[in-house]
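What follows is a single structure, written as structure tokens, with notes after it.
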């Protein structure tokens, strides 16, 4: 299986989950004999789902190498891989039972399909465990996040997200200098991003208590005068920095001008009212 196939693992596994759960439920309903169409539908979904489970396991094997090399992630990768293999084994077996039933007489086919239903219900439990461990791997360990495609831009976004979230934790813990250092690193990694520089200015003001430095950064942020999202945000930060440095009149004048340009912005009005 080519390494590039690993990038399709997330898409494949979502098809597997949908196909197999619906297929098993239809098989159970079909055994009641009340809805005739559910039998052929169950066979179709379970056979396709069994094949998809095999593909998902193969794509997962192709994907685990780079993820496993991340420090502290190997055990989570192994757990997810083991449950994925169990899911593949169960549902390849279920698909085999469905195909076998097609070759048998009515009585024998019903028995085999009943076994298929029981195996499928057990398989849903195994499938859930595989999915849960996959979710833990992605969301708790960042396994595959930013590195799935091998695109350098994706890796950079992963680093930026990590720096941002780590900075928020540091701020909540009262570690202002650490939060500011992390935000500065984030801004350095994204030099052309106005949002990152605004966050750096905000951190200088909140974490370092340095309004002069915050104003210097804000002056360097390229924001269009008519940008209804970034212009008010920058000017409100600048007003906070001006007020913190004792220049309340300048803060009021700045917010008055900005509020006149963006009269629908309630946050601007509230900020201006707080200066009165």
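The values are calculated or read from the model by the stated rules, or taken from the named source; none is laboratory data. Every value quoted in this text rests on a predicted model; they were computed, and no experiment measured them. When we count neighbours, we look across all protein chains shown, and the Cβ atoms used for this are built from the backbone with ideal geometry, even at glycine.
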Next item on the list: Go through 198, 158, 215, 204 for me and flag whichever is farther than 30 Å from residue 253 by Cα, outside the structural domain of residue 262 (by TED's automatic domain parsing) and in contact (Cβ under 8 Å) with a residue 12 or more places away in the chain.
Entry: 158
Item checked: Lone unmet requirement of (1) touching a helix residue (DSSP H, G or I) at 6+ places or on another chain (Cβ under 9 Å); (2) over 26 Å from residue 156 (Cβ atoms); (3) part of a helix (DSSP H, G or I) for residue 202 -> (2)
Notebook entry, point to check: Take the residues of the stretch 239-251 that are free of Cβ contacts under 8 Å to residues at least 24 places away in the same chain and assigned to a helix (DSSP H, G or I): which is farthest from residue 214 (Cα to Cα)?
Noted result: 249
Notebook entry, point to check: Among (1) more than 25 Å from residue 169 (Cα to Cα); (2) in the same structural domain as residue 268 (by TED's automatic domain parsing); (3) surrounded by fewer than 20 Cβ atoms within 10 Å (Cβ to Cβ), which single condition is residue 230 missing?
Noted result: (1)
Check: Hey, among the residues in the stretch 135-161 that are assigned to a helix (DSSP H, G or I) and crowded, with 18+ Cβ neighbours inside 10 Å, which one's modelled with the lowest pLDDT?
Finding: 137
Check: Restricting the first residue to the stretch 63-76 and requiring it to be over 19 Å from residue 130 (Cβ atoms), which pairs with a second residue that is modelled with pLDDT of 75 or more and outside any helix (DSSP H, G or I) meet a Cβ separation below 9 Å and a spacing of at least six or different chains?
Finding: 70/141; 70/142; 70/143; 72/141
Check: If you check residue 90 against the conditions, is it modelled with pLDDT of 95 or more, closer than 21 Å to residue 14 by Cα and surrounded by 16 or more Cβ atoms within 10 Å (Cβ to Cβ)?
Finding: yes
Note to self: All but one of (1) in contact with a helix residue (DSSP H, G or I) (Cβ under 8 Å, 6 or more places away or on another chain); (2) at pLDDT 85 or above; (3) under 30 Å from residue 202 (Cβ atoms) hold for residue 165; state the number of the condition that does not hold.
What the structure shows: (1)
Next item on the list: For the stretch 212-219, state whether one or more residues are at pLDDT below 95, loosely packed, with under 15 Cβ neighbours inside 10 Å and in a loop (DSSP other than H, G, I, E, B).
Entry: no
Item checked: Scope the stretch 91-131; condition free of Cβ contacts under 8 Å to residues at least 24 places away in the same chain and either closer than 13 Å to residue 23 by Cα or in a helix (DSSP H, G or I) (or both); matching residues -> 97, 100, 106, 107, 108, 109, 111, 112, 115, 118, 125, 128
Check: Only one of these conditions is not met by residue 62: (1) surrounded by 15 or more Cβ atoms within 10 Å (Cβ to Cβ); (2) at pLDDT below 90; (3) more than 27 Å from the chain's Cα centre (by Cα). Which number is it?
Finding: (3)
Check: Among the residues of the stretch 34-42, is any surrounded by 16 or more Cβ atoms within 10 Å (Cβ to Cβ), within 18 Å of residue 134 (Cβ to Cβ) and either within 29 Å of the chain's Cα centre (by Cα) or in the same structural domain as residue 128 (by TED's automatic domain parsing) (or both)?
Finding: no
